[in-house]
Amino acid sequence: MENKLTIYNTLSRRKEKFEPINPPFVGMYVCGPTVYGDAHLGHARPAITFDILFRYLKYIGFKVRYVRNITDVGHLVNDADEGEDKIAKKAKLDQVEPMEIVQKYTNSYHRNMEQLNTLKPSIEPHASAHIIEQAEMVKKIISNGYAYEVNGSVYFDVAEYSKTNNYGKLSGRVLDDLQTNTRELDGQSEKKNLFDFALWKKAMPEHIMRWNSEWSDGFPGWHLECSVMSTKYLGDKFDIHGGGLDLQFPHHECEIAQSKAALGEDSVKYWMHNNLITIDGQKMSKSLGNFITLDEMFSGNHKLLEQAYSPMVVRFFMLQAHYRSTLDFSNKALQASQKGYERLTDALNTLEKLIPRTESTVNVNQFKDKLFSALDDDLNTPILIAHLFDGVKMINSIYAGTETISTDDLTYMKNLYKDIVFDILGLKHETSDFGNNEILTDVMDLLLNIRTEAKQHKDFKTSDKIRDKLNEIGITVKDTKDGSEWEIK
RNA sequence: GGUCACGUAGCCAAGUGGUCAGGCAGCGGUCUGCAAAACCGUCCACAGCGGUUCGAAUCCGCUCGUGACCUCCA
C-alpha cells in the first residue's frame, strides 16, 4: 500500500511527509512508564497514540521495530524528602526490595496495556539493565568535552554544547531565559551553570538503588537511559521518538543534547508528542493527586466515577480526540463515547447480516479514501471515526432497504471495517464469556420462542415480563422484522 | 516572572478564508401491542473588540479567560 502518511514533527512545528531513513524499516522509540505506581489514564494516552502509529505503519507495509522503555531506576523527587530516590522511597515504606516494586508495577502496567488492546513493543528495555551502557555514554560525552565531574557526580555542560549546537531547539527555549528561570535544586552548587543537568549522580546514603562506577557509587542521570537505549536498539539515527508533551522539556531536550554530544549527530528524525489528559481542565498527574488509575476506570471504583468504563470505551474515548489536543475527562463525555461505541459495534454486527443486491447505491471506494486520508493526516482519528459513523448510517440504510450494496462491495466493506476498526484502531468486541456459550444460546432461544408465542396470543403481560426480567439480568432484547435478537450488555 | 498553547453549540470534539464535521443529549415524525434499535427530519456554535478582505469561526492586533512547560511526571 502506498505511503501518504504525514506526521507532525515537534522539531519543525509542522506536519511533514513521513519518509523513513531506511525503508522499509522504521525505528520507533516511545518513553514508557516509571514503574513505581499503578498506571493511570495519563499512561493510556501515549500507549494508545503510538499503538495506533505502530499498527498503521505495519498496515502500510513497513517493518517496524517499536522500543518502549521501562524506567526502573529511580529519579529524584522534589518534596519533603528531597533528594531521595522515588523507587527507593516507596520501597522503604513498603518494606520490600526496590526491584520487587518494579516487578509489581511492571506487571500491572502490562496487564492494563493488554486490557487496552495495545500491541506489545518489539523490545521493552529496562533502564536498570543498561547501567554499563549508560556509563559508557557518560565517558564518551566527557571525552568529547561536553561534561565535567564534580565530587563523584557528572554534569552535562550545556554552555559548552551551546557554542556549536542549539540547546532548546525542540522546546523553543532560549538559554538566556533558562539562566534566569531555573530553580534551585539539590546539588545545584556543584554545577557550572544552573541549567546543566546530571549524567551521573553520586548516591546519598539513603539511596538503595546504586551502582558502582569510576566516578562514584551512584546512579545514572534522569535523561540518559532514553539516549542510550534508543540508539542501542534502533541505531545512532532512527525515525520516530514519541512521548508525552510534558517530557518535551527538559527530558527530550536533554536527550537530544546527550545523543549529539556522544554520537556527533542528531539521532531522531521525527519527534512526536501526545497531549495530556485533563480533569476539570487541569492536568491529571501524580503530583497533583487527581489521577484515576486504569484499574479504577475499569472497575468504576473511584469517587469521581459514576460507573465503570470498559477498556474499549476508554480507548474509543481517547481516539475521539486528536492526540495533539488535550482531552478533558468527565463522566458525561465517557458515557457519550460508550453509547457511540455501542452504536459502532452494533453496526458491525449489522454489516454481517446484510444481504447483497445486484447494484450498489453506495460508493465504497470514495468512502475508503476518506478513511485513509484522515489517518494519513497526522493520525486524525476523530475525523476517521466521524467517517466511520457516516458508514454506520450507510450500513443501517442498507439494512433498512433504503440503500443497496453489491456482493463485491459488501465483501469490500466488511474487509475495510475489519482493517480499520480492529487492525488499525485496535478496537475489539467485548463480549462476555457467556457470549459463545451454547447452553445459554439454547436457553435464550427457548425463552424468546415462548415470548414470541405469547406475543402471538396477545399475551403482552408475559412477553413484557420476559423482556423486562432479562433486561434486569443484563440481557437486552430487540424485536426486529425477522424475529427477536438478544445481547449481553 | 519567562516561554508556549488553547477558548467551537447542553456536554465531548474536528475543521480552518466562501459549500456537511462527528458522537452524546434534546425535539418532531416513521416503525412497534408497548418499548428498544433503526430510519427520516430538526434545534443549538465558533470568548470579546478592532483590522485586512468582495467575503473570516478561520489571517493580523488588542483585551479577557483557561491551561501547559520552566521541578519528578504520560
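The values are calculated or read from the model by the stated rules, or taken from the named source; none is laboratory data. Keep in mind that what you see is a predicted model, and the values were worked out from it rather than measured. Here the Cβ is made from the backbone with ideal geometry for all residues, glycine too, and neighbour counts use every protein chain on show. The accessibility values were calculated without ligands, DNA or RNA, using every heavy atom of the protein model including side chains. Shrake-Rupley method; radii C 1.70, N 1.55, O 1.52, S 1.80 Å.
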Practice item. Give, rounded to the nearest 20 debye, the magnitude of the charge dipole that segment A:6-274 has about its Cα centre when Lys and Arg contribute +1 at Cβ and Asp and Glu contribute -1 at Cβ. Key: 1180 debye
Point to revise | For segment A:392-489: relative contact order, % (alpha-carbon pairs under 8 angstrom, 6 or more apart) | key: 13 percent
Practice item. Could I get the Rg over Rh figure for segment A:6-274? Both from C-alpha atoms, Rh via Kirkwood, rounded to two places. Key: 0.95
Exercise for review: Normalise the Debye intensity by I(0) for segment A:7-46, one equal point scatterer per Cα, no solvent, then take log10 at q = 0.33 Å⁻¹ and round to two decimals.
Suggested key: -1.12
Check your understanding: Over chain A, with a single point scatterer placed on each C-alpha, what log10 of the ratio I(q)/I(0) does the Debye formula yield at q = 0.05, 0.06, 0.12, 0.13 1/Å?
Key -> -0.25, -0.35, -1.12, -1.26
Check your understanding: What list of ³J(HN,Hα) couplings, whole Hz, do you get for segment A:145-161 from phi and the Karplus terms 6.51, -1.76, 1.60, once you set θ to phi - 60° and write x for glycine and proline?
Key -> x, 10, 8, 9, 9, 9, 6, x, 10, 10, 10, 7, 8, 5, 4, 4, 4
Practice item. May I ask which residue of A:401, A:273, A:6 lies farthest towards the positive end of the charge dipole of chain A, with charges of +1 (Lys, Arg) and -1 (Asp, Glu) on Cβ and the Cα centre as origin? Key: A:401
Study note, to complete from the structure: Descending accessible area (1.4 Å probe), largest on the left, turns A:164, A:106 into A:164, A:106
Check your understanding: Using a cut-off of 24 Å between alpha-carbon atoms, which lysines can reach residue A:469, once sequence neighbours fewer than 8 places away in the same chain are excluded?
Key -> A:339, A:455, A:458, A:461, A:478, A:481, A:489
Check your understanding: How are the C-alpha pair distances of segment A:389-457 spread across 10 Å bins, as whole percents from the shortest bin up?
Key -> 16, 26, 29, 26, 2
Exercise for review: Please state the charge dipole magnitude for segment A:336-489, taken about the Cα centre, from unit charges on C-beta atoms (+1 on K and R, -1 on D and E), reported in debye and rounded to the nearest 20.
Suggested key: 600 debye
Practice item. Choose one of A:338, A:439, A:166: the residue whose Cα lies farthest towards the positive end of the charge dipole of chain A (beta-carbon charges +1 Lys, Arg; -1 Asp, Glu; about the Cα centre). Key: A:338
Check your understanding: In chain A, what percentage of the DSSP-assigned beta bridges are antiparallel, given to the nearest 5?
Key -> 55 percent
Practice item. Quick one: compute the contact order of segment A:433-488, relative version, from alpha carbon pairs under 8 angstrom and 6+ residues apart, as a percent. Key: 21 percent
Study note, to complete from the structure: For residue A:329, the residues 5 or more places away or on another chain with a placed amide H closer than 5 Å to its own amide H are A:278, A:279, A:280, A:281
Review point. Carbon and sulfur together cover what percent of the accessible area of chain A at a 1.4 Å probe radius?
Key: 49 percent
**Study point:** Debye log10 I(q)/I(0) at q = 0.14, 0.18 Å⁻¹ for segment A:165-309, Cα point scatterers
**Key:** -0.91, -1.19
Revision key, fill the gap. Between the Cα axis of helix A:131-143 and the main Cα principal axis of chain A, the angle (0 to 90°, nearest 10) is 50 degrees
Review point. Can you list residues whose amide H is under 5 Å from residue A:153's amide H, if they're 5+ apart or on another chain and H is modeled 1.01 Å from N?
Key: A:202
Practice item. Place the peptides A:129-141, A:12-24 in order of packing, highest mean first, counting for every residue the other Cβ atoms within 10 Å and averaging per peptide. Key: A:129-141, A:12-24
Check your understanding: Relative to the longest principal Cα axis of chain A, at what angle does helix A:331-353 sit, 0 to 90 degrees, rounded to 10?
Key -> 50 degrees
Review point. Quick one: accessible area per residue over segment A:389-489, 1.4 Å probe, rounded to a whole number of Å²?
Key: 64 Å²
**Study point:** Computed magnitude of the charge dipole of chain A (debye, nearest 20; Cβ of K, R +1, Cβ of D, E -1)
**Key:** 820 debye
**Study point:** Whole-number D in µm²/s for segment A:279-424 (Stokes-Einstein; Kirkwood sum over Cα pairs; 10 °C, 1.306 mPa s)
**Key:** 94 µm²/s
Revision key, fill the gap. The answer for the net charge of residues other than residue A:259 whose Cβ lies under 10 angstrom from its Cβ, with Lys and Arg +1 and Asp and Glu -1, is -2
Practice item. Among the listed pairs A:303/A:414; A:15/A:63; A:58/A:370; A:90/A:332, give every one whose C-alpha distance is greater than 31 Å. Key: A:303/A:414; A:90/A:332
**Study point:** Net +/- balance of residues flanking residue A:423 in space, Cβ distance below 11 Å, scoring K and R +1, D and E -1
**Key:** +3
Practice item. Counting only heavy atoms of the protein chains, get the accessible area per residue of segment A:6-274 (1.4 Å probe) and round it to a whole Å² value. Key: 41 Å²
Review point. By how many degrees, between 0 and 90 and to the nearest 10, does the Cα long axis of helix A:41-60 differ from the longest principal axis of chain A?
Key: 80 degrees
